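Novice: Here it is, the structure in full.
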Amino acid sequence: MALLKGGEDKDAILAKTSSVVALDRVSFDVDEGEILVVMGLSGSGKSTMLRCINRLVEPTEGSIVVDGTEVTSLSARDLLEFRRSKFGMVFQNFGLFPNRTILDNVAYGLEIQKVGRRERIDKAMRSIEVVGLKGWETKFPNQLSGGMQQRAGLARALAVDADILLMDEAFSALDPLIRREMQEELRQLQQKLHKTIVFVSHDLDEAITLGGRIVLMKDGQIVQSGLPEEILLQPATEYVRRFVEHIDISSVVTVGRLVDRDVPTVVVSQTIAEAREAIARTPSGVAFVLDEADRVIGSIDQATLQQPSRHSPSIAQLMRTGIVCLQAATTLKAALSVLVSEPESVAVVDSDDRLIGSLTTRDALAALAGQPRRNTGETPNEGAAEWSGQSRNSRSTSYAIKPSPGLPLTVPT
Amino acid sequence: MPPWLTIIVFALLAWWLGGRRVAITTAIGFAFLWNLRLWQPTLETIVLVTLSTTAALLIGIPIGIACGLSRRTWRTVGPCLDMMQTMPSFVYLIPAIPFFGLGAVSACFATIIFSMPPVIRLTALGIMQVPQELIEASDAFGSTPAQKLLKVQLPLALPTIMAGINQTIMLALSMVVIAAMIGAGGLGREVWRSIQRLEAGVGFETGIAIVIVAVILDRITQKMAQRMRPSGATAH
């Protein structure tokens, strides 16, 4: 420990003391009801980290707090009680007891808690139904396929009704198709159950599908943590960049993340003169027209305003209506078709149709090329905070592109 | 109790423990021994084997469990087992005599010591071989050490433990025969007598009798072991 504090790195310590530093100054928070994905290649310490949370692996130093309880200082007896009430765990190779039927496997946690036989079976059957294994409860684990075994593993973790699910590479041993299916189901389950899930994975696609925050680990240290798109767009190190290289950015990054917030606007109630003045300051010569509630209702350009007019019209009469708006939560992939058809910048709005900023085809291309505008770091992104709450557990692609209010418009999605 | 009744009781017992085929083997085997006029010594041998095996298991299985759970215990017990197994079996007969005199008690004592190592070894092995992930799974749900042992480790180790029990019975049988040298009864005495009188025929008959007893005991315990295999025959 002294060596570690003295700033020696992992390899040096291994050479000197022949002990491996599994985790080094790792620190993160998990919020109630979120899926946190701990990512990293094998040997990066992610599984060790997970096991530290319920002390299957004793951390040599540091602190783990769950619901205000300091786990590291619990006595052996309290620790057992704590594990029973707080944690459900799912293992990479399922960890089912081969000598027990599926029902008895699922009921194991309850059996340990000395729950009566009838209640135990009731609860176990309910969680077997939740994972869709009804009818298989009298079979033994080796009579089930991998996917079904892991469903049983999940059912066992759910049966004890713990608040926290620890999932250690839970789907890694499954074949890709089943894995997708299970990820999807876990997401849907999560929407119903709102457990706090710490999910360890080495598969970035999986992390993105599950849709929560990601903690990326390397050599026992956290390299970066944040939402999937933050990690994709702003890799903290070269290692992270290589790690995320193969991911299709456009299907992860949402429009709101790329938006240019510094966008000229004109409020519809302003006079033409005020509008001219405002537009003259902008390089593009185009401004969005907003109503009083910051909703986008149209756009207006300098040329239109400069036209001499006899009967002083209002902005509402001059502006071009029918412009396309993009929801901030739309993925870049879905937005591309809209961007292509729009010569100018496209307005990006939040879920209440209020303007957040604008996006041009050029911005989108820059993002795809891996060189996004670095505005998110500088501005405290109110927009992001608003919709990240939604996208956390529900996939952002489920948000359709909406036309601005009052304008009948269909957009191919 | 007349021999035929005893044979039927044994056959039924074998049926219950090992199934129909084992029961038939048992019945035919014992009937043959009865026919050889070796029924009385056979019975004595079986009693000796049963007694000493029971004692050996009662002592051996707990030691085996302790070894399986603690590396340190295993490291101290292991060499003792090596010694017990490599020591010529006759040697155990010598110290038994001053304590218990000549006869069945000394024979039992020597047999217990000689037959104990396999069950200790295989019990420990069975417990150590329980996959780490299952131990973790059991821990993760908050099992106490006792619950972990009774609900996970022992059931999963059971097939291996049964193999150990089988070995122990076989060793006990061989030792009971040797123990005839210090006055234990049974088939061993017949062999011993035939050696002293150079009666090859009797010796051979008795030898076959011992083989038959061994086969019957082995089949019964093996069947029992098979049945206890996790998700075994019953699952299909």
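The values are calculated or read from the model by the stated rules, or taken from the named source; none is laboratory data. Here the structure is a predicted model, which is why all the values come from computation and not from measurement. Cβ sites come from the backbone with ideal geometry, for glycine too, and all protein chains shown count toward neighbours.
Novice: Just give me the residues in segment A:156-185 being in a helix (DSSP H, G or I) and either surrounded by 24 or more Cβ atoms within 10 Å (Cβ to Cβ) or not assigned by TED's automatic domain parsing to the domain that holds A:D67 (or both), in sequence order.
Specialist: Scanning segment A:156-185 gives A:R156, A:A157, A:L158, A:A159.
Novice: Of everything in segment B:1-21, what is touching a Phe, Trp or Tyr at 6+ places or on another chain (Cβ under 7 Å) and under 13 Å from B:V213 (Cα atoms)? Give them in sequence order.
Specialist: Of everything in segment B:1-21, those that are touching a Phe, Trp or Tyr at 6+ places or on another chain (Cβ under 7 Å) and under 13 Å from B:V213 (Cα atoms) turn out to be B:I7, B:F10.
Novice: Looking at segment A:49-88, which of the residues that are among the β-branched types (V, I, T) and in contact (Cβ under 8 Å) with a residue 40 or more places away in the chain is farthest from A:Y108 (Cα to Cα)?
Specialist: Among those residues, the one meeting the criterion is A:T60.
Novice: Only helices (runs of 4 or more DSSP H) wholly contained in segment B:61-170 count here; list those with 1 or more residues that are under 20 Å from the mean Cα position of the chain (by Cα) and within 14 Å of chain A (Cβ to nearest Cβ).
Specialist: Once the helices (runs of 4 or more DSSP H) in segment B:61-170 are filtered for at least 1 residues that are under 20 Å from the mean Cα position of the chain (by Cα) and within 14 Å of chain A (Cβ to nearest Cβ), what remains is B:104-128.
Novice: List every residue pair whose Cβ atoms lie under 9 Å apart, where the two residues are 6 or more positions apart in sequence or sit on different chains, the first residue falls within segment A:194-213 and is under 21 Å from A:G45 (Cβ atoms), and the second residue, located anywhere, is buried (at least 21 other Cβ atoms within 10 Å of the Cβ) and among the basic types (K, R).
Specialist: Pairs found: A:V200/A:K46; A:S201/A:K46; A:H202/A:K46; A:D203/A:R179; A:E206/A:R179.
Novice: Provide a single number: the residues in segment A:116-129 that are part of a loop (DSSP other than H, G, I, E, B) and touching a residue at least 12 places away in the same chain (Cβ under 8 Å).
Specialist: 0
Novice: Related question: Would it be correct to say that B:F114 is of a type in the set (F, W, Y), touching a Ser or Thr at 6+ places or on another chain (Cβ under 7 Å) and surrounded by 18 or more Cβ atoms within 10 Å (Cβ to Cβ)?
Specialist: So B:F114 fits the description; yes.
Novice: When both residues are 6+ apart or on different chains and their Cβ atoms are under 6 Å apart, which pairs have a first residue that lies in segment B:15-42 and is in a helix (DSSP H, G or I), and a second that is among the hydroxyl-bearing types (S, T, Y) and buried (at least 22 other Cβ atoms within 10 Å of the Cβ)?
Specialist: Filtered contacts from segment B:15-42: B:L33/B:T42.
Novice: Confirm whether B:A157 is modelled with pLDDT of 85 or more, crowded, with 21+ Cβ neighbours inside 10 Å and aliphatic (A, V, I, L, M).
Specialist: yes
Novice: Is at least one residue of segment A:105-115 away from every other protein chain (no Cβ under 14 Å), in a helix (DSSP H, G or I) and surrounded by 17 or more Cβ atoms within 10 Å (Cβ to Cβ)?
Specialist: Checked segment A:105-115: no residue is away from every other protein chain (no Cβ under 14 Å), in a helix (DSSP H, G or I) and surrounded by 17 or more Cβ atoms within 10 Å (Cβ to Cβ).
Novice: Based on this model, can you work out whether A:R55 counts as part of a helix (DSSP H, G or I) and in the same structural domain as A:A159 (by TED's automatic domain parsing)?
Specialist: Here the answer is no, as A:R55 does not meet what is asked.
Novice: Out of the residues in segment A:251-294 meeting the condition of being of a type in the set (K, R) and surrounded by fewer than 19 Cβ atoms within 10 Å (Cβ to Cβ), tell me which one is farthest from A:S345 (Cα to Cα).
Specialist: Filtering segment A:251-294 for residues that are of a type in the set (K, R) and surrounded by fewer than 19 Cβ atoms within 10 Å (Cβ to Cβ), the one farthest from A:S345 (Cα to Cα) comes out as A:R276.
Novice: Still on this model: Within segment A:116-147, track down each residue that is of a type in the set (A, V, I, L, M), surrounded by fewer than 20 Cβ atoms within 10 Å (Cβ to Cβ) and more than 14 Å from chain B (Cβ to nearest Cβ).
Specialist: A:I121, A:M125, A:V130
Matching residues to (1) out of contact with any Ser or Thr (no Cβ under 9 Å at 6 or more places or on another chain); (2) in contact (Cβ under 8 Å) with a residue 24 or more places away in the chain:
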residue	(1), (2)
A:L144	yes, yes
A:R151	yes, yes
A:A155	no, yes
A:L158	no, yes
A:L165	no, yes
A:L177	yes, no
A:E181	yes, yes
A:Q188	yes, no
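Novice: Hey, among A:N93, A:N99, which residue is touching a Pro at 6+ places or on another chain (Cβ under 7 Å) and either within 8 Å of chain B (Cβ to nearest Cβ) or among the hydrophobic types (A, V, I, L, M, F, W, C) (or both)?
Specialist: A:N99
Novice: Another question, if that's okay. Tell me which residues, restricted to segment A:164-181, are away from chain B (no Cβ under 14 Å) and in contact with a helix residue (DSSP H, G or I) (Cβ under 6 Å, 6 or more places away or on another chain).
Specialist: Across segment A:164-181, the qualifying residues are A:F171, A:L174, A:I178.
Novice: Quick check: anything in segment A:60-69 of a type in the set (D, E), more than 28 Å from A:Q149 (Cβ to Cβ) and over 26 Å from the mean Cα position of the chain (by Cα)?
Specialist: Yes, because at least one residue in segment A:60-69 is of a type in the set (D, E), more than 28 Å from A:Q149 (Cβ to Cβ) and over 26 Å from the mean Cα position of the chain (by Cα).
Novice: So which of B:L102, B:L150, B:L58 is closer than 30 Å to A:V115 by Cα and surrounded by fewer than 18 Cβ atoms within 10 Å (Cβ to Cβ)?
Specialist: B:L150
Novice: Continuing with the same structure: Can you tell which of B:V105, B:V119, B:V130, B:V91 is closer than 30 Å to A:R156 by Cβ and assigned by TED's automatic domain parsing to the domain that holds B:T53?
Specialist: Among B:V105, B:V119, B:V130, B:V91, only B:V130 is closer than 30 Å to A:R156 by Cβ and assigned by TED's automatic domain parsing to the domain that holds B:T53.
Novice: Moving to a separate point now. Select from segment A:57-98 the residues that are among the β-branched types (V, I, T) and crowded, with 18+ Cβ neighbours inside 10 Å and list them in ascending order.
Specialist: Matches in segment A:57-98: A:V71, A:V90.
Novice: Quick one: count up the residues across segment A:148-161 that are more than 9 Å from chain B (Cβ to nearest Cβ) and either farther than 15 Å from A:Q92 by Cβ or touching a Lys or Arg at 6+ places or on another chain (Cβ under 6 Å) (or both).
Specialist: Residues flagged as more than 9 Å from chain B (Cβ to nearest Cβ) and either farther than 15 Å from A:Q92 by Cβ or touching a Lys or Arg at 6+ places or on another chain (Cβ under 6 Å) (or both) within segment A:148-161 amount to 5.
Novice: Please go through segment A:58-84 and pick out each residue that is touching a Leu at 6+ places or on another chain (Cβ under 8 Å), within 18 Å of B:S143 (Cα to Cα) and not in a helix (DSSP H, G or I).
Specialist: Of everything in segment A:58-84, nothing turns out to be touching a Leu at 6+ places or on another chain (Cβ under 8 Å), within 18 Å of B:S143 (Cα to Cα) and not in a helix (DSSP H, G or I).
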